[in-house]
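The values are calculated or read from the model by the stated rules, or taken from the named source; none is laboratory data. This structure is a prediction, so every number in the text was calculated from the model and none was measured. Using ideal geometry, Cβ is built from the backbone for each residue, glycine included, and neighbour counts are taken over all protein chains shown. For accessibility, only protein heavy atoms count, side chains too; no ligands or nucleic acids. Shrake-Rupley method; radii C 1.70, N 1.55, O 1.52, S 1.80 Å.
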Amino acid sequence: MRFFWTQLTSMRTALMLLLLLAVAAVPGSLFPQRRAGADVVETWIDDNPTIGPILDFLGMFDVYSSVWFSAIYLLLFVSLVGCLWPRGKQHLKTLRQPPARTPRNLKRLPEYGQLILESHGPSPQEALVDAEKLLKKSGYRTELRDGSVGAERGYVREIGNILFHFGLLGVIVFMGIGGLYKYEGQKIIVEGQGFTNNLVSYDSFTPGTAFSEERLAPFGLQLEDFDVVFDRDSETHFGQALDYTATMQVTPGPGEATYQDTIKVNDPLTVDGVRVFLVGNGYAPNITVTDGEGDVAYSGPVIAQIQDPNTNSSLVVLKVPDAQPEQLGFVGLFLPTSYTGDDGVAVSIDPDAYNPELILNSYHGDLGLDDGTPQNVYVLDTDGMTEMNSRNNENGGITLGVGDSYELPDGMGTISFDGWDRYVGLDLHYDPSKWGVGFFSTLALVALVISLYVRRRRAWVKATEQDGHTVIEYGLLARGETFGLREENIKLRQSFDHTWPVIPPDTSEDK
Amino acid sequence: MTPINETLAQYSELFMLIAALIYLVSFFFFSWDMASASRSIRKLENELETVKTKELVGASGPSTTEPVERKQLVSDDMEYTDSIKRPAANIGVAIMIVAALAHAFAVVARAVAASRAPWGNLYEFMTSGALVITVVYLLFLLRKDLRFVGTFVTGVVLLMMMGATIGFPTPVGNVQPALQSWWLITHVSVAVVAMGIFALTFSMSVLQLFKQRAEKQGPINGFMRLVPSSSALENWSYRLNAVAFVMWTFTLIAGAIWAEQAWGRYWNWDAKEVWTFVIWVIYAGYLHARATRGWTGTRSAWLNITGFLAIVFNYTIVNLYFPSLHSYAGF
């Protein structure tokens, strides 16, 4: 047991674990991850029936929550604590101790110097007092001893070192806390519509492991207006979206006063600790479908998914399960600026809505919704349906401008294009632990700078009397990196030269 | 939003090409310096020998025929010494300064034309990155004799400029809302400077491995004699990497803050984030290796090389082929 502990906390093991962590993180970028999109993973496994399940078993699609990845970083941090705890204790002890004992022979130190003072100069004892002052001024901790001064500097380097690793530990801990209490959800809101922060309102919702519904702050949001600015000056980027602004009506809680606020990309809205981000947008044509019996079977906005960000040509899928006598389905495009070329095919030529048109195919039959299996709302399953309108059959496709209606074949009903609105895709995030993560990562950064750039040095000055002259000897020792030790010797030498009447050395030897 | 200044944008593109051509000339001079190293050294040693012979003749002592000792030609602290003349390398540096001026004009003109930081797409990122590498290198040259990596630096800069103009030419334009953030300036600029330093230390580590082999095999000849000792290269790449590592850590943190502001998640294990983390871990390992027995020297050089290869991978393969939230920007 003791053997394993010693092994685990050795520097070499820590280094190996660190490098292993780098290697282990890589597969997460090579294979699709469930956390980013479970459906992509399932498709990937279906496409690779042999290797897919094996990789799945190995956790390649959940790398960052897999047993082996967690094992590596947990071992690494155990190793770190095991390594740093004794070092921290040791350093605490060092901090309370005086600088190290003066070595007998300073000449053996990597940097050494000797000066002989004029006979009218200070006595050895006075010189040592001066030397102590000088060393103190350049940040050394000093101790005046019999015949020498001991000095040490850069204790804070080790503190930085320990704090850096401690900071990383804090980051991991707070990320873990975040995993318990945070929640995130997505919601699409059409202009004029609203949203209340409760579970049923979300389109999708990912809670932390310790989430409970009472924790949801009871605020409400309404999308008043969504405004897009397009580039109309540039020739090469004509029509590129330059700015999105969602104007929201925010109700912080039941019965509280409503106020107006905006959300932009890179500029979220914060309400009750929940951050609301603008992550998507598009057009929502307002469509009314009357069924074969003359009843309104659907009326309202349909979320159209942008297919081409240059022209905002968008996919429209409308399922009308309430239609009688048969269910109806529509699939096609919303073209914000429709233009029909010589080939008779309508395309969108601008992302803004100058000439919006709906180009649809229609189906009747069974939408396949009744058996309870969840369906993708953006995919129309036409297996149980019969095509009514399409460019490829005698009825032709449906083309509707704003305000147009179309009577479906065989008395199946009518469809009308009443107008359009914009919608926004919002991400809502609540993560109280991010402040902890931010604090500890900043701490780690500051501590890293300290641990890399503060230099740990020891210095000793000895003074003796020889033939009526005071002879000063001094030596410098680096603990850790030796960079710049020479320069420090020169600096120390210069300050000695300033303080005392030094006899210039008569030999060409410069030490 | 200020409209794009198309005239200035065209000048920018023209000067980018001009700069690339001047870099090419500089690259040739550095290569020439490398190739002619043996000859300049021989010339120097012949001169020294003549001087020594003269001295010996002048002296009354017994004439010996001992060969000229193999003098160390470069300082291990990479200070400039006047031991050997390297005219080709000096011309290379001078031409590189001219190229950097044209290059800087091109980058600044593009920034002014678009009224924003000139790293909003891969073309701009690569051309600005190349400028940073050049400037970092030239700044180091002020204090330290790093002429021995001149061929490498000009080569990398040329490759980046060619890659940008041939592979990812992009006309000047405004950036999409996702990139309109103050963090674009800090996060990306610090990352670029860090990468510039990592590129420099990468070349030093490669040379360290060659030099080490040469040191083991006995007398060193040719260009390798103009390269500082392997331990000096190791020390200096460690010092520089310590600076770059702090910057890389900042890049990670700044990126996380920006991600929180833009997407709500400060860390999402996005392909780009994974690789930035992997690179961070490799360099963290490199810094630790120095304090670990048995990991200095060759192994630490290999770690540094691996780190830089991961950076190159991150900015080429990951950018182009990995699905990532960062892909909209081309970086």
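Just need a number here: residues in the stretch B:262-292 that are more than 14 Å from residue A:14 (Cβ to Cβ), among the β-branched types (Val, Ile, Thr) and facing chain A (nearest Cβ under 7 Å).
Applying the first criterion (more than 14 Å from residue A:14 (Cβ to Cβ)) to the stretch B:262-292 yields B:262-280, B:282-283.
Cutting the leftovers down to among the β-branched types (Val, Ile, Thr) gives us B:274, B:276, B:278-279, B:282.
If we keep only those that are facing chain A (nearest Cβ under 7 Å) as well, we get B:274, B:278, B:282.
Here the count works out to 3.
Look through A:350, A:404, A:343 and report the one residue that is surrounded by fewer than 20 Cβ atoms within 10 Å (Cβ to Cβ), at pLDDT 90 or above and farther than 21 Å from residue A:299 by Cβ. Show your work before the answer.
On the way: A:404 fails: farther than 21 Å from residue A:299 by Cβ; A:343 fails: at pLDDT 90 or above.
Matching residue, one of A:350, A:404, A:343: A:350.
Considering each residue of the stretch B:244-272, count those that are in a helix (DSSP H, G or I), without any contact (Cβ under 8 Å) to a residue 40 or more places away in the chain and more than 15 Å from residue B:184 (Cα to Cα), and give that number.
2
Among (1) crowded, with 16+ Cβ neighbours inside 10 Å; (2) touching an Asp or Glu at 6+ places or on another chain (Cβ under 8 Å), which single condition is residue A:221 missing?
For residue A:221, the failing item is (2).
Only one of these conditions is not met by residue A:444: (1) open to solvent by 20 Å² or more (accessible area, probe 1.4 Å); (2) in contact (Cβ under 8 Å) with a residue 40 or more places away in the chain; (3) within 11 Å of chain B (Cβ to nearest Cβ); (4) part of a helix (DSSP H, G or I). Which number is it?
(1)
If you check every pair at least six apart or on different chains, which have Cβ atoms under 6 Å apart with a residue in the stretch A:416-436 that is farther than 30 Å from residue A:294 by Cβ and among the acidic types (Asp, Glu) first and a residue that is outside any loop (DSSP other than H, G, I, E, B) and open to solvent by 40 Å² or more (accessible area, probe 1.4 Å) second?
A:427/A:186; A:427/A:279
Go through B:92, B:120 for me and flag whichever is in a helix (DSSP H, G or I), touching a residue at least 24 places away in the same chain (Cβ under 8 Å) and open to solvent by less than 60 Å² (accessible area, probe 1.4 Å). Full working, then the answer.
Values: B:120 fails: in a helix (DSSP H, G or I).
Of B:92, B:120, the one residue that is in a helix (DSSP H, G or I), touching a residue at least 24 places away in the same chain (Cβ under 8 Å) and open to solvent by less than 60 Å² (accessible area, probe 1.4 Å) is B:92.
Take residue B:253 and tell me if it is within 20 Å of residue B:282 (Cα to Cα) and either β-branched (Val, Ile, Thr) or at pLDDT below 90 (or both). Working first, answer last.
On the way: within 20 Å of residue B:282 (Cα to Cα): yes; either β-branched (Val, Ile, Thr) or at pLDDT below 90 (or both): yes.
Judged against the criteria, residue B:253 is a match.
Regarding the stretch B:102-114, can at least one residue be identified that is small (Gly, Ala, Ser), closer than 28 Å to residue A:310 by Cβ and touching a strand residue (DSSP E or B) at 6+ places or on another chain (Cβ under 9 Å)?
No: the stretch B:102-114 contains no residue that is small (Gly, Ala, Ser), closer than 28 Å to residue A:310 by Cβ and touching a strand residue (DSSP E or B) at 6+ places or on another chain (Cβ under 9 Å).
Which one of A:177, A:188 is open to solvent by 20 Å² or more (accessible area, probe 1.4 Å), of a type outside the set (S, T, N, Q) and in a helix (DSSP H, G or I)? Outline the logic, then answer.
Values: A:188 fails: in a helix (DSSP H, G or I).
Only one candidate qualifies: A:177.
Looking at the stretch B:242-259 only, could you name the residues that are more than 18 Å from residue A:447 (Cβ to Cβ) and either touching a Leu at 6+ places or on another chain (Cβ under 9 Å) or surrounded by 21 or more Cβ atoms within 10 Å (Cβ to Cβ) (or both)? Show your work before the answer.
Filtering the stretch B:242-259 down to residues more than 18 Å from residue A:447 (Cβ to Cβ) leaves B:255, B:257-259.
Across the stretch B:242-259, the qualifying residues are B:255, B:258, B:259.
Any residue that is of a type in the set (A, V, I, L, M), open to solvent by 20 Å² or more (accessible area, probe 1.4 Å), under 24 Å from residue A:375 (Cα atoms) and not in a loop (DSSP other than H, G, I, E, B) - is there at least one of those in the stretch A:194-211?
Within the stretch A:194-211, the subset of a type in the set (A, V, I, L, M) is A:199-200, A:210.
Next, only the ones that are open to solvent by 20 Å² or more (accessible area, probe 1.4 Å) stay: A:199-200, A:210.
Narrowing further to those that are under 24 Å from residue A:375 (Cα atoms): A:199-200.
Next cut, not in a loop (DSSP other than H, G, I, E, B) only: A:199-200.
Looking for residues that are of a type in the set (A, V, I, L, M), open to solvent by 20 Å² or more (accessible area, probe 1.4 Å), under 24 Å from residue A:375 (Cα atoms) and not in a loop (DSSP other than H, G, I, E, B), one finds at least one in the stretch A:194-211, hence yes.
Pull up the stretch B:168-189, narrow it to residues that are more than 9 Å from chain A (Cβ to nearest Cβ) and assigned to a loop (DSSP other than H, G, I, E, B), then point me to the one that is farthest from residue B:259 (Cα to Cα).
Looking at residues that are more than 9 Å from chain A (Cβ to nearest Cβ) and assigned to a loop (DSSP other than H, G, I, E, B), I get B:169.
Could you give me the residue pairs with C-beta distances under 6 Å whose first residue belongs to the stretch A:341-354 and is within 16 Å of residue A:238 (Cβ to Cβ) and in contact (Cβ under 8 Å) with a residue 12 or more places away in the chain, whose second residue is part of a loop (DSSP other than H, G, I, E, B) and open to solvent by 20 Å² or more (accessible area, probe 1.4 Å) wherever it lies, and which are 6+ apart or on separate chains?
These pairs meet every condition: A:348/A:311; A:351/A:311.
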